[in-house]
1. Could you state the number of Å between the C-alpha centres of region 19-87 and region 147-180?
2. Let me see the pair-distance distribution of region 29-103: every alpha carbon pair, 5 Å bin width, integer percents in order.
3. By its C-alpha gyration tensor, with a ≥ b ≥ c as the square roots of the eigenvalues, how is the chain shaped: rounded for a/c under 1.5, else prolate for a/b larger than b/c, else oblate?
4. Distance in nm between label sites at residue 138 and residue 52, each 7 Å beyond Cα in the beta-carbon direction?
5. Which order do 88, 163 fall in if you start with the one that has the fewest other Cβ atoms within 10 Å?
6. For the chain, what does the helix formula give at 222 nm: sum of -39500 (n - 2.57) over DSSP H segments with n ≥ 4, over the residue count, nearest 500 deg cm²/dmol?
7. Say R0 is 35 Å: what FRET efficiency, to the nearest 0.05, do residue 63 and residue 165 get from their beta-carbon distance?
8. At 7 Å along the Cα-to-beta-carbon direction for both residue 83 and residue 178, put a label point, then send me their distance in nm to one decimal.
C-alpha cells in the first residue's frame with residue numbers, strides 16, 4: 001500500500017513538474033495560431049487574421065510584463081502582419097515589430113533560443129534601407145549572435161542562409177541552408 005501511494009505521489013509530482021505554465025500555454029497557442037494564419041488561411045484573409053492575432057499577442061505581453069517570450073511572439077506576429085499590409089501601413093507595423101523585439105532582447109536575448117535576435121536580423125535585412133530602418137550590417141550581427149545561442153536551430157540557420165544569399169555569398173549560404 002505504501003509503495004502504491006509513493007508511486008502515485010511520484011507520478012503526480014512528475015506530472016505537475018512537466019505541466020505547462022499559463023504563459024507557456026499562451027505562447028504555444030500564439031505559435032499555433034500564427035502558423036495557421038500564415039500557412040493555412042487564404043491569402044486574402046491573412047491580414048485580418050494576423051491583426052486579430054496581434055491583438056491577442058499584445059494581451060499576453062501586457063499580462064506578463066518583464067517576460068521576453070510574449071514580446072518575441074508579438075514581434076513575430078506583427079512583422080508577419082507587415083508583409084500583408086499596404087506599403088503605407090507596413091512601414092509603421094515593421095517598426096512596431098522591431099521595437100517589440102528590441103524590448104524582448106533587453107529582457108532576455110537568450111529567450112526562445114535567441115528568437116528575438118533571429119527575428120531582428122531578418123527584419124533588418126528584409127525592410128528597405130531607404131525610408132526605413134533596413135541595415136544589413138545590423139542584420140548580420142543579429143543573425144550571427146542568434147547562431148551563437150542556437151547553432152543547430154532551423155530558423156537561425158535558414159534566415160542566416162537567406163541573408164547570405166541576398167548578400168551574394170552563395171557558397172556560405174548553401175552551407176547554412178544545408179544546416180537548416
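We did not get these values from a lab; they are worked out from the coordinates using the rules stated. Values in this document were obtained by computation on a predicted structure and should not be read as measured data. Positions of Cβ are backbone-derived with ideal geometry, glycine not excepted, and every protein chain shown enters the neighbour counts.
1. 25
2. Histogramming region 29-103 at 5 Å steps yields 3, 19, 28, 25, 16, 6, 2, 0 percent.
3. Verdict is prolate for the chain.
4. Once both label points are built, they end up 3.3 nm from each other.
5. Least to most surrounded, the residues fall as 88, 163.
6. -25500 deg cm²/dmol
7. 0.35
8. My value for the distance between the label points is 2.7 nm.
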